[in-house]
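**Student:** I have a structure here, written as structure tokens, and I will follow up with some questions on it.
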Amino acid sequence: GIFMSGKGRLININNSNKNKDVTKKNNKTTVRVNLVSPRSFIGRCSQAEPMKRTTSNSGNKTRKAAKAAQSVKAKKPGATPSTELQNDKSYIGRRVSKKFDGAIYSGTVTKFIPRHRLWAIKYDDSDGEEMDWNDLSNAMDLHDGKSNNNAKKKKKSVTKVTPAQDEKLKPARALKPSTSSATDFALKFRVIRRIYPSDGSESYSNEHIVGEYATQEQANEAAWNEMNNTCQFEDWGKDQFAGRAPPYSSADAPCEMTADDHEFVDIHVVDISKEKAGKKRQLKVTKSSKPPAKIKSSVGKKEIDSPKLLTPTKALGPTQRKFGKTDQDFVVDLNLFARNPCRIIGGTSRHPSEYPNYHKAVGSFGFLIQRLSDRNYAMRALCLDGYGARYNTYKKGSKYISVVWYPPTNLNDHAKDKTIVDGCHLDLIDPDDGKTFLTGPVLESTIVNAVEPVECVFLNGAESNRHSVISADDIARAISKCNDSLQCVSLTECKLNAALTDALSSCSNLRGMIVENCQIWGRGSDRPTDALLSDVLRSCPDLRWCFVKSSIFGAECWNALAAEDVCPGLEVLWVDAPMHTEERVNTARGDHDTIRSALKVRANTLKLCMINPDDKNKSRHMIGGVKKTDRLNGRARTEEEKHARRMIQNSGGGSYLNTV
């Protein structure tokens, strides 16, 4: 999974155990932190606005090459050689322990990776992972406590070490070495390197944490060393900043030294306690903010500010229920989630600025989650309260079209609604790597202990991040606890297996369903199929909203919808499941005549129909449209596209749409 941290740094999280059985110890994954393209992150996050940037090491490359050819320069007068690398390497050989699924596994530190300050761990069962300092410190603490307890119970075969070696294996527990103490101490200062464009556009701003330190002096020294090792400060930084404490900025360089630099670099020190206090005050102000005013919309001949003027108990007339695309303005409410904290255990309220692109409004990560949330509540409004379904699109600085929905009531109105279990919430997302804090036991407990029957379950499984742990079986068990009362379900980026589709089929009162970008999971009979999804359609006669963006919506689903007694009240059908072959792209799955027949018999009931939307968010089939509006057969590939496809297949790649 790819994510950009709340501090602006981009990280890539890869699973090193690709050949490992995912059903066993699937939490034991390798974490590698690398700078990646922000476009990669945006592409995996449902088309949030990307940032344009160059590589982080751009600058005067000729100066860098010249420096490499030169002899080693003189060191800073009075500076002593750094022992940081030596101290970090001293942990090699240290025994550690970690819990996985309730069991404790022990291993050994085998390697130190200086570039990202990670320690490689090899477990006794031959598995492995890499840890940052926080994880390593906890693992050493757990092992020390476990070893002390086990020593009293039974003998174990251990590697004998001399007292001198033991001291080497147990250095002071500090993220950065301290020359003044060998005891543990709090880390009070953080060194940040910030990269931003030199043209003044502020089109991006990426931050990287150099390290955290116990004293101001250590932090200043680390900032000085970072400045000396950054190419933008070559040949002038030492002289200009000699005797000065940070911050250091490459924008202060002489004009002739920055002529070819596309990026500036700032290096500064942050007082962690002051930063936390400031964020706490900021969050308090945000929580007390008022929701934005609702945009006025026309309902019949009356202008209303709030849909509450129309009571849900009174049926809305045809002129009052609006469907389809509108040019109405939409509201970016970045404080939505901070103002309405998540009621599911595990969520943590944070200021929205801790998430990517906060200052970019429609391009922010917060607005991405708001759009998903608004779509959920738009579904609820149609299925439970009888409203229509309106949406708009926008395209800003991206090749992707983004969809915005207009729910008459949203999280602002339902934050305390006990019939809703809302797991599509910013509080449940880790701003550092994008994983979800939502777990199966917590979800099940929330539903079981609900004081009112659960009518809506909205979930964002963040499956694009390998550290997200909620499984398809977890969700299936949770849904089975409320299948009699459940009326709306939304599964975004969740794992999807046969057990979960069976659980959905058991919800006979289901009126609304969203399945988007869910990872297909399981093998053999455990794997979800087109036939199993069609069973959901046949088992839910009251279904009114069906939004599926998944490759498993195919021939069997269309065969089900071709029957008039299946989902007779269906009003919203949004299917995005194109098939790409060697010869053609964007072809609808299933028999095209069956698809046309299924849609034709529903011409009087379907109010919003979108089939395999194109790059302009136009449906590839219009009910009752002319010949040019029927594009179910997609289009032929060009020779260049065929060649590119063969190259991808030969390299072991494939279509992402075939995995979701």
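**Student:** Do we find that Arg602 is closer than 21 Å to Trp574 by Cβ and among the basic types (Lys, Arg) in this structure? Before the answer, list the steps.
**Tutor:** On the way: closer than 21 Å to Trp574 by Cβ: yes; among the basic types (Lys, Arg): yes.
Considered against the rule, which asks whether it is closer than 21 Å to Trp574 by Cβ and among the basic types (Lys, Arg), Arg602 comes out as yes.
**Student:** Can I ask one more? Kindly indicate the residue of segment 82-131 that is part of a strand (DSSP E or B) and among the small types (Gly, Ala, Ser) and also most open to solvent (accessible area, probe 1.4 Å) among those meeting that condition.
**Tutor:** Selected residue: Ala103.
**Student:** Just a yes or no: is a residue in segment 581-598 under 24 Å from Ala381 (Cα atoms) and out of contact with any His (no Cβ under 6 Å at 6 or more places or on another chain)?
**Tutor:** Looking through segment 581-598, none of the residues is under 24 Å from Ala381 (Cα atoms) and out of contact with any His (no Cβ under 6 Å at 6 or more places or on another chain).
**Student:** If you go through segment 453-473 one residue at a time, how many are open to solvent by less than 10 Å² (accessible area, probe 1.4 Å), touching a residue at least 40 places away in the same chain (Cβ under 8 Å) and not in a loop (DSSP other than H, G, I, E, B)?
**Tutor:** Residues in segment 453-473 being open to solvent by less than 10 Å² (accessible area, probe 1.4 Å), touching a residue at least 40 places away in the same chain (Cβ under 8 Å) and not in a loop (DSSP other than H, G, I, E, B): 3 in total.
**Student:** Another question, if that's okay. Can you spot a residue in segment 514-524 that is of a type in the set (D, E, K, R) and under 27 Å from Trp405 (Cβ atoms)?
**Tutor:** Yes: segment 514-524 contains one or more residues that are of a type in the set (D, E, K, R) and under 27 Å from Trp405 (Cβ atoms).
**Student:** Also, I was wondering about something else. List the strands (runs of 3 or more DSSP E) that sit entirely inside segment 346-425 and contain at least 2 residues that are hydrophobic (A, V, I, L, M, F, W, C).
**Tutor:** 402-405, 420-423
**Student:** Taking segment 623-646 on its own, how many of its residues are at negative phi and in contact (Cβ under 8 Å) with a residue 12 or more places away in the chain?
**Tutor:** 11
**Student:** Pick from Arg194, Arg190: which is outside any loop (DSSP other than H, G, I, E, B), at pLDDT 65 or above and touching a His at 6+ places or on another chain (Cβ under 8 Å)?
**Tutor:** The unique qualifying residue is Arg194.
**Student:** Filter segment 104-113 down to residues that are under 27 Å from the mean Cα position of the chain (by Cα) and either at positive phi or of a type outside the set (A, V, I, L, M) (or both), then give me how many there are.
**Tutor:** Within segment 104-113, residues that are under 27 Å from the mean Cα position of the chain (by Cα) and either at positive phi or of a type outside the set (A, V, I, L, M) (or both) number 0.
The values are calculated or read from the model by the stated rules, or taken from the named source; none is laboratory data. Since the structure is predicted, the reported quantities are computational estimates derived from the model, not experimental observations. Because the Cβ atoms are built from the backbone with ideal geometry, glycine has one as well, and the counts that use them run over all protein chains shown. Protein only, heavy atoms only, side chains kept; ligands, DNA and RNA dropped before computing areas. Shrake-Rupley method; radii C 1.70, N 1.55, O 1.52, S 1.80 Å.
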